[in-house]
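Only the coordinates and a few stated rules stand behind these numbers; no lab work does. This one's a predicted model, so the numbers in the text were calculated from it and none came from an experiment. Don't worry about glycine lacking a Cβ; one is built from the backbone with ideal geometry, like all the others, and counts go over all protein chains shown.
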Ligand code: PEP
Ligand code: MG
């Protein structure tokens with residue numbers, strides 16, 4: 001194998017081998033752009049090193065050959081005392097990865113060559129500053145010396161001279177600092193700073209290889225599901241200097257505005273500085289446009305290059321560049337990050353420019369970006385007072401009074417106050433408070449902390465890990481610098497940006513939602529430009545997608561909204577939601593019924609109400625399929641809480657005025673109490689155990705459909721049986737349902753064409769799908785229960801209990817209730833789909849668990865060959881978009 005590639009030998013498609021940075025440096029080199037010469041050591045070499053603990057035998061000679069070629073090209077040798085070639089050594093994996101070694105600059109400097117550099121540059125201070133930077137970076141990243149020791153020494157040197165900034169240290173000061181730094185290396189690393197330039201380079205290469213297996217890098221890969229065996233490439237690049245005087249400098253630029261997508265000059269420039277100075281914020285950068293005055297030649301050349309890059313990559317690029325004494329050098333480029341709104345705008349702008357086609361435009365946006373655009377947000381125009389910044393853990397804009405404990409959160413929210421729950425970090429005791437709050441703010445913890453995981457599960461706005469904020473729960477206050485927020489003061493948190501504000505920031509509705517709701521049409525201003533772009537991209541997606549998208553909706557209002565959002569039917573109407581409120585008592589009577597007559601009576605009173613529900617739903621979804629699921633949840637959900645009722649009855653008994661009904665109720669509650677209600681009397685089991693219940697629901701559906709038909713409507717009902725585990729269950733329910741439907745068809749003179757199907761949400765159902773399909777006209781995968789039963793995870797408890805530990809240990813990168821577990825649950829879905837279709841080729845297949853609206857899961861369902869996904873109304877645009885992306 002070949003382990004080293006000159007920049008002239010690679011290209012942008014070799015990211016697997018050369019890493020992202022190396023591949024793009026090669027691409028720019030071959031485009032004829034001014035890239036400082038260099039070469040890349042491949043990920044293959046890294047893999048050999050990681051597997052065997054040693055570099056591949058051939059590597060040393062290959063590096064030598066490429067280094068010699070580089071020296072020839074540059075006309076100087078690495079570390080040559082009178083005129084040294086200096087290089088940077090940078091890591092560069094296929095995916096950019098925090099936690100890996102970044103860069104060592106100025107390799108090749110030594111006690112001897114520092115003088116040569118001073119002569120060549122005509123600048124002694126510059127040379128010694130470069131040398132001290134090398135020892136500092138090398139000591140820290142290659143030799144593992146605590147970086148603070150160098151920083152402390154630098155601070156001391158400044159303090160001794162009574163100056164504030166590094167640039168006020170002169171050559172003599174820096175010389176002393178170099179001596180000090182070398183001592184630190186010697187004491188801490190137990191060896192001298194290497195004076196041999198080749199040894200410096202080899203050690204740095206090894207350090208990059210080793211950093212692949214640093215703890216943070218490993219954790220990041222587990223969480224992002226990046227394979228551990230990819231390895232990293234190493235880029236060796238000849239140094240150019242932006243800190244050689246006023247005719248030098250360094251900067252970053254975007255080929256168009258990453259916030260709006262508009263074309264123009266976007267970037268920052270810092271005169272007489274190196275890249276790391278920009279990051280350190282030592283001096284203020286100037287807008288890139290000012291470079292035109294500073295150095296017109298370089299500016300013009302840069303503009304030209306940016307245009308070349310955009311046309312070549314056909315996308316927004318970001319770049320890093322350096323100007324060394326009037327000569328422009330390109331140090332890096334990559335396809336640039338952008339805001340969600342800009343992603344949509346740029347995709348359509350590039351289509352208009354003829355750079356990409358519609359299919360490619362779909363790949364330039366994501367469902368997650370669309371979801372982000374659909375949250376309400378804070379008004380950009382509003383005056384705000386920023387308190388601090390944390391991690392954007394769960395999107396949205398929340399405003400409320402600061403509270404510092406769950407108890408207060410609950411108490412205040414019950415009295416109608418909006419509250420933000422502020423904690424150092426949350427734990428399961430905070431759960432009720434989190435439910436009561438508008439949003440959650442913590443000062444500790446990252447994206448996998450309890451607060452973040454639970455808030456995302458609840459769809460609640462959350463900012464976590466806002467480390468500048470000091471949370472004092474004892475004194476019920478939060479301090480940010482010298483601002484103190486007391487309990488009851490209003491704060492606003494932005495879960496999409498991580499920003500925390502003092503006071504109430506006005507919230508504006510999302511223009512994208514306004515558009516989907518039909519309240520806004522494309523025009524000319526900024527929001528309209530975004531809406532127009534979203535409109536076009538959605539049209540591309542709808543044109544190509546194979547998956548249909550339905551809604552989970554239980555009433556006409558949700559159904560109508562879903563329809564506006566593009567739903568092509570209802571995939572799940574949960575009828576239990578129709579049995580709450582003032583109907584709960586009727587259900588209670590049904591459960592309490594001792595005699596057939598009593599039971600009949602309560603069912604008879606429910607029938608017309610249930611029928612009316614369906615009439616409204618069919619009307620709202622006229623012409624589109626509506627899947628109605630018969631009653632699913634355990635009955636105790638319709639009964640009073642066992643503890644509360646026990647106390648009430650005990651107190652009444654003590655007063656000797658216990659009422660007959662309460663006593664019966666308590667008996668029923670005891671009788672129906674289950675240790676594991678989710679595995680108990682629910683779903684089809686209810687239909688089989690309580691005579692007449694499912695029959696009443698089927699009757700209501702059939703009568704409602706007949707009524708709509710006679711009113712010239714086009715009802716398309718589908719009856720769905722939940723929690724089936726075996727075909728026998730389904731057969732019994734079906735037989736009864738068929739009879740009822742036939743009777744109503746005969747009576748009303750209609751032909752209803754009601755399909756009867758089942759949910760597949762138990763492993764046994766999935767494993768016997770071939771048999772079940774004999775009695776089912778459709779399957780709808782209930783991936784919520786299927787995930788629960790395949791993993792043995794209680795869907796209501798685990799996110800708040802041990803998922804944080806699982807996520808932190810990288811057992812999975814995201815909750816399997818959020819994104820489908822392809823290998824486990826997903827493989828059951830695939831095999832059940834295949835078995836079902838083998839029995840019944842025209843079997844309709846859908847999914848109605850929460851996964852139906854999750855981007856990654858939608859791709860999986862597309863590949864699994866399902867006919868539709870069904871999700872909450874708000875997620876429909878996301879599902880449409882992702883279905884389009886999956887198909888294009
Ligand atoms: C499911 O289990 O995936 C499902 C859609 O049903 P529910 O969430 O109502 O149990
Ligand atoms: Mg279910």
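Roughly how many whole Å is it from the C-alpha centroid of segment 274-349 to that of segment 211-259?
Segment 274-349 and segment 211-259 have Cα centres separated by 16 Å.
Using alpha carbons only, how many degrees (0 to 90, rounded to 10) separate the axis of helix 171-189 from the longest principal axis of the chain?
With rounding to tens, the tilt is 60 degrees.
Okay, helix-only estimate at 222 nm for the chain: each DSSP H run of n ≥ 4 adds -39500 (n - 2.57), divide by all residues, round to 500 deg cm²/dmol; what do you get?
Value at 222 nm, helices only, nearest 500: -14000 deg cm²/dmol.
Give me the percent of Cα-Cα pairs in segment 745-888 that sit more than 29 Å apart, rounded to a whole number.
For segment 745-888, the share of Cα pairs beyond 29 Å comes to 21 percent.
What do you get for the angle between helix 124-137 and the principal long axis of the chain? Use alpha-carbon atoms, 0 to 90 degrees, nearest ten.
Taking the Cα atoms of the chain, the angle to 124-137 is about 40 degrees.
Considering all projection directions equally, how large on average is the shadow of the alpha-carbon convex hull of segment 155-271, in square nanometres?
For the Cα atoms of segment 155-271, the hull's average projected area reads 12.5 nm².
Output the antiparallel fraction of DSSP beta bridges having both residues in segment 396-540, as a percent to the nearest 5.
Counting only bridges with both partners in segment 396-540, antiparallel ones make up about 60 percent.
Over segment 262-385, consider all pairs of different Cα atoms and compute the Kirkwood hydrodynamic radius from their mean reciprocal separation; express it in Å, one decimal.
So the Kirkwood estimate lands at 16.9 Å.
On a full-extension model of 0.36 nm per residue, what is the gain between residue 735 and residue 674, subtracting their alpha-carbon distance, rounded to one decimal in nm?
19.0 nm
Once the cut-off is 16 Å, how many percent of the Cα-Cα pairs in segment 1-62 end up in the long-distance tail?
More than 16 Å apart: 42 percent of the Cα pairs in segment 1-62.
For a Förster distance of 22 Å, can you work out the FRET efficiency between the beta-carbons of residue 30 and residue 73, rounded to the nearest 0.05?
It comes out at approximately 0.90.
Cα axis of helix 642-654 to longest principal axis of the chain: angle in degrees, 0 to 90, nearest 10?
In the chain, helix 642-654 runs at an angle near 50 degrees to the longest axis.
Using Cα-Cα distances under 8 Å and only pairs 6 or more residues apart, what relative contact order does segment 4-238 have, in percent?
28
What is the Cα radius of gyration of the chain over 2.2 N^0.38 Å, N being its residue count?
For the chain, the normalised Cα radius of gyration comes out at 1.14.
Among DSSP bridges having both ends in segment 4-238, what percentage is antiparallel? Round to the nearest 5.
Approximately 95 percent, going by the DSSP bridge assignments.
Tell me, 25, 50 in order of fewest to most beta-carbon neighbours within 10 Å?
By the 10 Å Cβ count, ascending, the order reads 50, 25.
Taking R0 as 25 Å, what FRET efficiency do you get between residue 186 and residue 61 from their Cβ-Cβ distance, rounded to the nearest 0.05?
0.20
Find how much the distance from residue 711 to residue 368 grows on full extension, using 0.36 nm per residue of separation minus their present alpha carbon separation; answer in nm with one decimal.
119.3 nm
Could you put 463, 4, 286 in order, starting from the residue whose Cβ has the fewest other Cβ atoms within 10 Å?
286, 4, 463
Sequence gap at least 6, Cα distance under 8 Å: using those rules, report the relative contact order of segment 249-335 to the nearest whole percent.
31
Kindly provide the Kirkwood hydrodynamic radius of segment 375-508 in Å, to one decimal, from all pairs of distinct alpha carbon atoms.
Hydrodynamic radius (Kirkwood, Cα pairs) of segment 375-508 is 13.9 Å.
When the Debye formula is applied to the Cα atoms of segment 58-135, each taken as the same point scatterer, what base-10 log of I(q)/I(0) results at q = 0.14, 0.17, 0.19 Å⁻¹?
Reported log10 I(q)/I(0), two decimals: -0.55, -0.75, -0.87.
What is the pair-distance distribution P(r) of segment 147-223, computed from all Cα-Cα distances in 5 Å bins starting at 0, with each bin given as a whole percent?
3, 13, 16, 17, 16, 14, 12, 8, 3, 1
Treat each spin label as a single point 7 Å out from the Cα along the C-beta direction, and report the residue 262 to residue 479 distance in nm.
4.3
Rounded to the nearest 5, what % of DSSP beta bridges with both residues in the chain are antiparallel?
Just about 65 percent of them are antiparallel.
Work out how much length residue 612 to residue 162 would gain on full extension: take 0.36 nm times their residue separation and subtract the Cα-Cα distance, in nm to one decimal.
153.7 nm is the gain from fully extending residue 612 to residue 162.
Bins of 10 Å, beginning at zero and ending with the bin holding the largest distance: percent of Cα pairs per bin for segment 616-735, please.
Going out from 0 Å in 10 Å bins, segment 616-735 shows 12, 30, 25, 19, 11, 3, 0 percent.
Could you list the residues of segment 728-742 with an amide nitrogen less than 14 Å from a label point located 7 Å from the Cα of residue 596 in the Cα-to-C-beta direction?
none
Have a look at segment 4-238 and give its Rg and Dmax from the Cα atoms, expressed in angstrom.
Cα only, segment 4-238: 18.3, 52 Å (Rg, Dmax).
What FRET efficiency, computed as 1/(1 + (r/R0)^6) with R0 = 25 Å and r the Cβ-Cβ distance, is obtained for residue 432 and residue 805, rounded to the nearest 0.05?
The calculated FRET efficiency here is 0.70.
Under 19 Å from a label point 7 Å along Cα→Cβ of residue 289: give me every residue in segment 235-271 with its amide N that close.
Flagged as within label range: 251-271.
Quick one: 744, 493, fewest Cβ neighbours within 10 Å first, how do they rank?
744, 493
How far is it, in nm, from the label point at residue 653 to the one at residue 504 when both lie 7 Å from their Cα along the line to the Cβ?
Between residue 653 and residue 504, the simple spin-label model gives 5.1 nm.
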